[in-house]
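What follows draws every value from the coordinates through simple rules; no lab data is involved. Source: prediction; values computed, not measured. Because the Cβ atoms are built from the backbone with ideal geometry, glycine has one as well, and the counts that use them run over all protein chains shown.
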Amino acid sequence: MELTVRHQTTYRYETPASQVALLLRLQPALLDGQIPHQWAVTVNGVAVQNFRPNAFGDGEAFHHQRAAVDEVLIVASGRVETRDQHGVVSGFRQDVPLRVFLRQTRLTHPDAAVMAFAHSAGGEDNLSRLHALSALVGNVVGYSAGSTSAASTAAEALAQGKGVCQDHAHLFVSAARTLGIPARYVVGYLMAQEGGQALRETHAWSEAWVDGLGWIGFDSTNGLCVTDHYVRLCCGLDAHDAAPVRGSVVGATAITIRADVMISETEPNAAQQTQQQQ
Amino acid sequence: MLSRTAANLFWMARHLERAESTARLLTMGQRMAVLPGSAYRDEWRSVLRVTGCEPFHTKGGPVTEEDVVRILLLDPENPASIHSCLVRARANGRSVRTKLTQEMWEALNLSWRRFDGYGLSEACQELPALIDWVKTRASVFRGAAETGMLRHEGHDFMRIGGAIERAQMTLRLLDVKYYVLLPETDVVGGGRDHYQWTSVLHALSGIRAYHHVYGGVYSPAHISDFLMVNRAFPRSVAYCVDQMRWHLERLALEHGVLATCHKTVDEVFELLLDGQDGAIFQRGLHETVQQCLKLTNRMANEIAESYYF
Amino acid sequence: MTFSEMHEQDGAIRSCYAEVKRWIDETGIDGLKGRMEEAEAIFRRIGITFAVYGEGGDPERLIPFDLLPRVFSRLEWERLDQGIRQRAQALNAFLYDAYHRGEILRAGLIPQDLVYQNEAFRPEMIGFDPPGRVYSHIVGIDIVRTGPDKFEVLEDNCRTPSGVSYMLENREIMTRMFPGLFSKGLVTPVDNYPALLLRTLKEVAPPACKRDPVVVLLTPGSLNSAYYEHSFLADLMGIELVEPVDLFVDNDRVWMKTTAGPRAVDVIYRRIDDDYLDPLAFRPDSLLGVPGLFHAYRAGGVTLCSAPGAGLADDKAIYVYVPEMIRFYLGEEPILSNIPTWQCGTEAGLAYVLEHLGELVAKEVHGSGGYGMLIGPQASPEAVAAYADRIRANPGGFIAQPTLALSTVPTLGVSTVVQRHADFRPFCLVGKQMRLVAGGLTRVALTEGSLVVNSSQGGGVKDTWVLRD
């Protein structure tokens, strides 16, 4: 399948910023079953280059502006060829020690309830336990937009029983790590409906390590493993660590942020064009 | 030199100069307030106006000496009060401590907490002594810089900051008091005499210097000439502009670049040159003062821009 | 049995102290006390600069300076020198390994979780090669002496060890006041330290840097308690002392804002904690730091000294394994020994520590500066019991060591020369090669019998002599 993506983030400042610094992880990696085509990232119309792999292998670029700015428009767009890998995520650098992904963070730190929750997932082996866990997460934390914030923790989401994809992924990685299974938080794009749709945000899911198979992507929000409808951008130990855009602004007040993600299956003509150009 | 260092030296000098100028204004206010008819003229209000602090007087009615002491001397919330200026000068100095001499630092460091928790009635009672104390601190600091500070570009930035602030205080004073110096036919209001003129000279500690230049006669033309275009009196606008030009030229040599601020300072210089021999009255004292204020403000911004403050 | 560094067991003066002894006798106690006042006056003069940075006008207390030097013979120093270099080399090798393949963990010599779950471990550093593979460019090693031939390491400092300004100032004062003592050339000089530090920093410039590297010292600012040392070192090296606001990152390079426009920086000797280096990398809630600094570092545009994450090597739980590191990476036996340490995180360790707490020195794993520490033999039973509760609540957060018989050094007392416990911190520089000036900071407990030498707890400092003979 080939997906066409346009991801736009707008920062507006009521009084102009004198300095804007952005750390961007908006470059989908070349993976087995994920081939980006003509992917481009711009900030206020200027192309951002020099994406370099960070410690986890995800492309990272830095953008800096020193003039007075009242709006920053970040656009990541292009086409990504995807293939269903039955959830297995492979093809990237594998030199990060697995046990690093057992580190809990402030956002994933398990309280007694999360620990009990983790151990309630039954199964013969880790793979079946992870499947059970992913399903459980969706059951105990109902999807409810606006019920949590960016600073909400896995334990809070469980206690509250409501959350969004960020909370599902936090609870999943927190519980998996509690069980001694390396797990990480992933950010990317999801085409949830055939034919495409406009989303307000990027999507978040998780990856967990299974010996013999490697990293497996679990989307607890939708109760499935990742398919060719998913485009993976970057990962981290938690939502903060995996943020695709991080900004530091000097001088501005009253910042409003707006994100828009458009994702759809590439229309036939566009796909042909791509082939011709290759 | 780091831009932050240059900016801190520039602002340190401005804040200290501002504290001193404001102290001098308080002296003028005291003199004016004891003159006949002062209540009717609301003399203390003009002192607030010169410092741009009129909005701090919110209770209505005429402005009293107590109000002014509170607003201009003690108020830590008013960024233009002597108290705030000393605190800010010291903060600027501390962050570039290694660029100051021990004596300069001591002069700054001794002054900044003087007004912490100072009572209003106490301050009113001791006002003349406090004013003297502020002027002395500024003198000690300048003296320490004069004989001890390395003449690197930081010294130039410091001197430019001081000169701008001093010129602007003279200009603001003239801006508020210009009507006192108008030729007889253009009198606004009336009730004007040589006490008014001398109070302006007093505010700038210029009485004796004035006599040396113009003899014993007071005239509006001579007084405005003295304060605007006289190049020998250290608180005149022309003298300060000479200082700015000299130090800006050193910066241009050091960096090998003439920036926009160099053009602007020349513009002010020529404006004053054209105003000699009473020409300033033909063009209009008030207009010239306004123009000088505008240009020096612009120049201060241009300096910040040109040297990446 | 406490070892007195000045005396043989029979009370005779050890030969390396002969010159000091001669000087003490010649000057007399009253003479020395008079000179001590002079020294204090000079220090206070310089010390004014220590004091003024204490916000609020309350002068920070000066660290007391003791006039009588601590002396090492050439032979003693040679052994120390080798041991210190060996340790600094192994610590850096460990850091490289920990952020790469983790061979020492795979070999089962250090538990994986002690590294990968360690707070001081920075996942962001994984896979990155700092120039010259150096992480800790200035290694400060705290050493105590417990016998004529016994030097033991108390702890390592791999981030930004402070105190080197005291080493330089103490010698400066001594030279100024007693030129005669140094005119014979018996004492190895230390004043080349700033030049060696600068050379070390330049050596680790990014490989892409083809010019004479521009080095700056990054300080948190004038409110920092070590600001005096920052400005002192910057001045002696002739480099800019910058604050985070003076720097910005663009095009994967770091620039400092000067009156002549942006100027590229190649090496940053940073005296700022990892957390406050870069708000985009380490601490999102922090407004401090230089946005993008870490990105520029990973891109090879600038070198940070020390590297972020270098603190892993001086973690008190990792400390236990340094002798293993020396054997594993260098194939050598440790020259300086570790103090036997019980980790409360292990079952056996916890049981032993709780049983013997009254005889032990217990410390927090992440603590420093002598705070949060229990000296069992000197503590009340209640204090010991309370500390035991703290350990039980979080065993992994504590270690314990036997109470050591720290050596004593001659110190000027009220009416006589007295013996006081001391430790020693040398500063090993690591660039393309290792450099060590013959000296360091001797800290001395000024109270009789006290074993705590930290300045925050009433300790003082003195000059340290390494004889040339």
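Observations on the model:
- When only alpha carbons of the stretch C:159-290 are considered, Rg and Dmax amount to 17.4, 57 Å.
- Sum of side-chain charges, C:MET237 neighbourhood, beta-carbon under 11 Å (Lys, Arg +1; Asp, Glu -1): 0
- Shielding by partners - mean other protein chain Cβ count within 10 Å, residues of B:93-99: 5
- Chain B: DSSP helices with Cα axial extent of at least 15 Å and average Kyte-Doolittle hydropathy no lower than -0.5: B:3-33, B:82-95, B:127-148, B:153-177, B:237-255, B:260-274, B:285-306
- Counting only GluC sites (Glu not before Pro) that DSSP places in a loop and that have at most 16 other Cβ atoms within 10 Å, the longest clean stretch of chain B runs over B:127-309.
- Within the stretch B:86-186, the chymotrypsin sites (Phe, Trp or Tyr not before Pro) that combine a DSSP coil assignment with at most 16 other C-beta atoms in a 10 angstrom radius are B:TYR118.
- For the stretch A:103-170, a Kirkwood radius taken over Cα pairs fed into Stokes-Einstein (20 °C, viscosity 1.002 mPa s) yields D = 176 µm²/s.
- Each Lys and Arg Cβ is given +1 and each Asp and Glu Cβ -1; about its Cα centre, chain C then shows a dipole of about 1060 debye.
- Backbone HN-Hα couplings from phi across the stretch B:71-76 [Karplus 6.51/-1.76/1.60, Hz, Gly and Pro as x]: 6, 8, 9, 9, 4, x
- Euclidean distance of C-alpha centroids, the stretch B:10-26 and the stretch A:1-69, integer Å: 49 Å
- Cα-centred dipole magnitude for the stretch C:79-147, charges only on beta-carbon of K, R (+1) and D, E (-1), debye, nearest 20: 300 debye
- Computed over the alpha-carbon pairs of chain A, the distance histogram in 5 Å steps reads 1, 6, 12, 16, 18, 16, 14, 9, 5, 2, 1, 0 percent, short to long.
- Packing-based exposure ordering (other Cβ within 10 Å, fewest first) of C:ARG101, B:ARG31: C:ARG101, B:ARG31
- Taking the charge dipole of the protein assembly as shown about its Cα centre, with +1 at Lys and Arg Cβ atoms and -1 at Asp and Glu Cβ atoms, the residue from C:PHE178, B:VAL241, C:GLY358 reaching farthest to the positive side is B:VAL241.
- Among A:ALA159, A:ILE257, A:MET191 the positive-end extreme of the charge dipole of the stretch A:2-269 (Cβ point charges): A:ILE257
- The share of Cα pairs per 10 Å bin across the protein assembly as shown, counted from zero up to the longest distance, runs 2, 9, 15, 17, 17, 15, 13, 8, 4, 1, 0 percent.
- Pair-distance profile P(r), taking every C-alpha pair of the stretch A:7-166, with 10 angstrom steps and integer %: 8, 23, 30, 28, 9, 1
- Cα gyration tensor shape of chain C, rounded if a/c is under 1.5, else prolate or oblate by comparing a/b with b/c: oblate
- Separation of the stretch C:15-39 and the stretch C:113-175, taken as the distance between their Cα centroids, equals 33 angstrom.
- Prolate/oblate/rounded label for the stretch B:105-257 (Cα gyration tensor, a/c 1.5): oblate
- Modelled this way, with points 7 Å down the Cα-to-C-beta line, the labels at A:ALA68 and C:LEU236 are 4.6 nm from one another.
- Considering all C-alpha pairs of the stretch C:54-167, those separated by over 20 Å amount to 59%.
- Cβ-based net charge around B:GLY61, under 11 Å, with every Lys or Arg adding one and every Asp or Glu removing one: 0
- Normalised by 2.2 N^0.38 Å, where N counts its residues, the alpha-carbon radius of gyration of the stretch B:1-149 equals 1.11.
- Taking only the Cα atoms of the stretch C:340-427, the radius of gyration and Dmax are 15.4, 50 Å.
- Selection of chymotrypsin sites (Phe, Trp or Tyr not before Pro), the stretch C:359-420, meeting DSSP coil and at most 13 other Cβ within 10 Å: C:TYR371
- Within the stretch B:1-149: Cβ-based charge dipole about Cα centre, in debye rounded to nearest 20 (Lys, Arg +1; Asp, Glu -1): 580 debye
- The ranking of C:LEU241, B:LEU35 by Cβ neighbour count inside 10 Å, starting from the fewest, reads B:LEU35, C:LEU241.
- Classified by the C-alpha gyration tensor, the stretch A:126-251 has a rounded form. Its axis ratio a/c, with a ≥ b ≥ c, is below 1.5.
- Ratio of Rg to Rh for the stretch B:106-167: 1.08 [Cα atoms; Kirkwood radius as inverse mean 1/r over pairs].
- Positive minus negative residues near C:LYS462 (Lys, Arg vs Asp, Glu; Cβ under 14 Å): -1
- Stokes-Einstein translational diffusion, the stretch C:320-469 - Kirkwood Rh over all Cα pairs, 0.692 mPa s, 37 °C, in µm²/s: 186 µm²/s
- Note on A:ASP58, C:ASP30: ascending count of other Cβ atoms within 10 Å places them as C:ASP30, A:ASP58, the fewest first.
- Take each residue in C:312-325, count the other chain C-beta atoms within 10 Å of its C-beta, and the mean is 0.
- Take each residue of peptide C:251-258, count the partner chain Cβ atoms within 10 Å of its Cβ, and average: the result is 4.
- In terms of distances greater than 20 angstrom between alpha carbons, the cross-link table entries C:LYS210/C:LYS432; B:LYS177/B:LYS294; C:LYS202/C:LYS432; B:LYS99/C:LYS202; C:LYS316/C:LYS462; B:LYS263/B:LYS294 yield B:LYS99/C:LYS202; C:LYS316/C:LYS462.
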